[in-house]
Amino acid sequence: MAATGGQLDGALALYERNTRLSQAFYSPLQAMEICLRNALNERLVSRYGADWHQNGAPPFERDAVTNILDAVRRLSQSNTTITLGAVVAELSFGFWVGILGPRYDATLWRQALHSAFRENGAPMKRKRVHSRFNALRRFRNRIAHHEPIFLQNLPGRHDETIEAISWLCAQTAAWALHHSQFSTEYNAP
């Protein structure tokens, strides 16, 4: 209502547009999250073994260990077979972004994770990678919590999402861009 000067019809139209724009981000954000977790898992397996989630080898801090244990507990309670793939999928996007953070620069980043990210074939700085994925995590959470996104630079957010995917896998970025409905929805009247 505030964005439309108290006009109910305008507010409802804006609410509906916000919903459609949020829906249009689902596919690119899904591709980004899955690509990130799979790429980081591959690096963790390569460095710490296929049982990294339970062998104690990665230098995780207490909150990350708790996240892993909680994921295993949720899987167990739902009678899901506890495999590495199930744990990787059960861990939150926040977990994956968190292990790119500054506290892991000298450990996980340098020992394993840095090799997942390339821009034009060149290695990337952890700070830039973490900053981008953390911003996209916050944006994703706004959408997931049904909050307004219409005032943000949405074409920029979409471009940042596709670019972040390209740092991990150019083919996945091309696929995500091809299947994205964002431009169509954004340019709709």
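Any read-out appearing in this document is the output of simple, stated calculations on the displayed coordinates, not a laboratory observation. Just so we're clear, the structure is a prediction, and the values are computed from it rather than from any experiment. No Cβ is skipped: glycine too gets one built from the backbone with ideal geometry, and neighbour counts run over all protein chains shown.
Matching residues to (1) surrounded by fewer than 19 Cβ atoms within 10 Å (Cβ to Cβ); (2) within 15 Å of GLU33 (Cβ to Cβ):
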site: ALA164; (1), (2): no, yes
site: TRP167; (1), (2): no, yes
site: TRP175; (1), (2): yes, yes
site: PHE182; (1), (2): no, no
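Identify all residues within region 102-142 that are in a helix (DSSP H, G or I), of a type in the set (Gly, Ala, Ser) and surrounded by 19 or more Cβ atoms within 10 Å (Cβ to Cβ); write none if there are none.
Keep residues of region 102-142 that are in a helix (DSSP H, G or I), which gives 102-111, 113-116, 126-142.
Next, only the ones that are of a type in the set (Gly, Ala, Ser) stay: 106, 115-116, 131, 135.
The answer is ALA116, and nothing else.
Residues that are without any contact (Cβ under 8 Å) to a residue 40 or more places away in the chain and exposed (fewer than 14 other Cβ atoms within 10 Å of the Cβ) do not occur anywhere in region 87-101.
Annotation note: Cβ proximity below 7 Å between a residue of region 172-189 that is of a type in the set (Val, Ile, Thr) and a residue that is part of a helix (DSSP H, G or I) (sequence gap 6+ or interchain) occurs for THR172/ALA31; THR172/CYS35; THR172/ILE165.
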